[in-house]
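All remarks here apply to the structure that follows.
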Amino acid sequence: MKILVVGSGGREHALCWKIAQSPHCDELFCAPGNGGIAKLAECVPIAPEEIEELGDFAEREDIDLTVVGPERPLIIGIVDHFESRGLPIYGPNAAAARLEGSKAFANEVVEKAGAPGKQFRVFSSPEEASAYVREQGAPIVVKADGDAAGKGVVVAETVDDALDAIEEVMVEKAFGPAGDRVVIEECLVGQECSIKVFCDGENILPMVPSQDYKRIYDGDEGPNTGGMGCYSPVPVLSDDALEQILTDIIEPTVRQMAEDGTPYRGTLYAGIILTEEGPRLLEYNCRFGDPETQVVVPRLESDIVELFLATIEGRLDAVDATWRDERAVCVVIASGGYPGHYEKGREITGLKEAEADENVIVFHAGTKRFGRRYMTDGGRVLGVTALGRTFEEARDRAYNGVGRIDFEDMYFRTDIAERAVGSE
Ligand code: GLY
């Protein structure tokens, strides 16, 4: 088969790495890809949002399967476009991707499905939103309703912070039309983990759970990032809680989407807060997580292409997935200054040395390849993943790998997986 992956981050490198191992895969392309992906796939310079151009490419090259990494092309309808041209593609269509594209829509579906979500109100007027915040008090969560590229969510510790967030989102339009409406939600307290499932519109097939680190500094301090590291499995998540998440949250949502005529096909990512009262849904995403994919996919023993095909063809009930009974830890290496301003174009050394340990895989996120040299090209640069029999072993192997890599101003957290190591 000829397979195209859309995207350019560590998530897409992990997907390409796994797809390239499938006996189904004869030729692999990635649009636009990155320096590491270029070792596995032919990189095609088309941006993920250029869905017509991607469709033209897939038609011209006779691509048998396209797999979409980031949410934006899904939200703007890449799946609808490909399907209208008879091109097989993995991911939800635009109507289903609203589970990530509109926070109000997601909350409404979850409420209708009777799943344990959170108290929320949706406002089109900043005055009404502000009055509601004053009435509720803090802490409280303010979200731009639409897709704000992973931003537009403020967990406000004080009423003033919440009012400022409403002003920024709705009046200053910091996230454009994503802020036409605002969703005000109760603040859930507890550890966060993510459960992703393959979903064919009716049946789900769960992936192994993972937990990521969103803040930039050790000890969960500083601003939010796309994710600075993660691990899998999640010791704090009991089997009972996982069962509850699947049967009380995800399955009712999937049934509700089908009943409403917008069946969900693709990867459904549930962000869960493990509260004292039990698991509650924080948010849905319509894609694989990043960096979570970098610990989930290395644990997958089954052929991922088989799972993509079973999802597209609506036969997930007839397949199974097997997972390595090992721990996986991923440490993200970023450019100094990220998530604020950072420099690009620094030469990266030590990549081969980091992978000298066969349990270590270095996934590239923001890199460019120039012949045999690799340069930094983004905020999150690399994800160093390691497998081990224990979290301690996996963590030590990942940090050994990190220790071999160098570029000017490189930054990483030093406490990834510490709480998991402590729990074993
Ligand atoms: N790491 C969080 C996300 O992928 O949304």
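Some points to look at:
- A full extension of the chain between Arg324 and Lys2 corresponds to an added length of 113.2 nm, given 0.36 nm per residue minus the alpha carbon distance.
- Among the listed pairs Lys151/Lys173; Lys173/Lys196; Lys103/Lys344; Lys112/Lys151; Lys151/Lys214, those beyond 23 Å (Cα-Cα): Lys173/Lys196; Lys103/Lys344; Lys112/Lys151
- Around Leu188: net Lys/Arg minus Asp/Glu count, Cβ-Cβ under 11 Å: -4
- Taking other C-beta atoms within 10 Å as the exposure proxy, Val384, Val79 rank Val79, Val384 from fewest upward.
- Extension gain, Thr158 to Glu53, is 33.2 nm, computed as 0.36 nm per intervening residue step minus the present C-alpha separation.
- For the chain, calculated [θ]222 nm from helices alone, where every DSSP H run of n ≥ 4 adds -39500 (n - 2.57): -7500 deg cm²/dmol
- Neighbourhood net charge (15 Å Cβ-Cβ; Lys/Arg +1, Asp/Glu -1) for Asp317: -3
- Restricting the GluC sites (Glu not before Pro) of region 110-157 to loop positions (DSSP other than H, G, I, E, B) with no more than 13 neighbouring Cβ atoms within 10 Å leaves Glu157.
- For the chain, the relative contact order works out to 16 percent when only alpha carbon pairs closer than 8 Å and six or more residues apart are counted.
- Global size of region 80-211: 16.8, 52 Å for Rg and Dmax (C-alpha atoms, Rg to one decimal, Dmax whole).
- Coil-residue GluC sites (Glu not before Pro) of region 158-251, DSSP, other Cβ within 10 Å capped at 13: Glu172
- Length-normalised contact order for region 1-135 - Cα pairs under 8 Å, 6+ apart - percent: 19 percent
- Calculated diffusion of the chain, Stokes-Einstein form, Kirkwood radius summed over Cα pairs, 25 °C and 0.890 mPa s, µm²/s: 112 µm²/s
Readers should treat all values here as calculations from the given coordinates under stated rules, not as data from a laboratory. Because the structure is a prediction, the values reported are computed rather than measured. All Cβ positions, glycine included, derive from the backbone under ideal geometry; neighbour counts span all protein chains shown.
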